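What follows is a short report on a single structure.
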Amino acid sequence: MHPSWQPLFDRFTKLKANWPARAWSWDSRLVCITSSFTVEFDAKARAAALEALPLEYNAATLAKAPMELRRVAERAGGLRMGQLLLTSREIGPLVPFGLWWPWGDGMTTSFRVGLDGLEWDDDPYPAVRDIFSVTL
């Protein structure tokens, strides 16, 4: 493990520990980890997400985001009303992101966590999947 990855691993470990909803799974379409939850978990999930990835962009502020994050949003289909793109200050070779995605039914939200620019088997994704207990 590269030493510069440790702060990111610490953030993800804390997110997993504080996550109030069901298990995480692999999203092969966006090459990331995802968890869906119902409205009763919304406040606790959002607090855990923002603690791990405290920088928040929405559709109105996305233009101010670094290019790497705008690319994440584009790959996910853009940001619509109520959707958020989260990250941390440590943007370098690894670009951590979180996608807060309300489903529009008023009941369910998905939160996706990933590292932009990596494939499923690129380091450190296997270790990140281990943190979230996700298998392919």
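Summary table
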quantity	calculated
Mean Cα-pair separation over length for the chain, i.e. relative contact order, pairs under 8 Å, 6 or more apart, %	29
Volume per residue of the C-alpha convex hull in the chain, rounded to whole Å³	100
Low-density loop cleavage sites - trypsin sites (Lys or Arg not before Pro) in the stretch 14-120, where at most 15 other Cβ are within 10 Å (DSSP)	22, 29, 80, 89
The stretch 62-136: chymotrypsin sites (Phe, Trp or Tyr not before Pro) falling in loop per DSSP and having at most 13 other Cβ within 10 Å	103, 120
Per-residue [θ]222 nm for the chain (sum of -39500 (n - 2.57) over DSSP H runs n ≥ 4, rounded to 500)	-8500 deg cm²/dmol
Of 18, 94, 63, farthest towards positive along the dipole that unit charges on Lys, Arg, Asp, Glu beta carbons give the chain	63
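Each reported figure results from applying straightforward, stated rules to the coordinates on display, with no laboratory input. Everything quoted here is computed from the prediction, not taken from an experiment. Note that each Cβ is placed from the backbone with ideal geometry, even for glycine, and that neighbours are counted across all protein chains shown.
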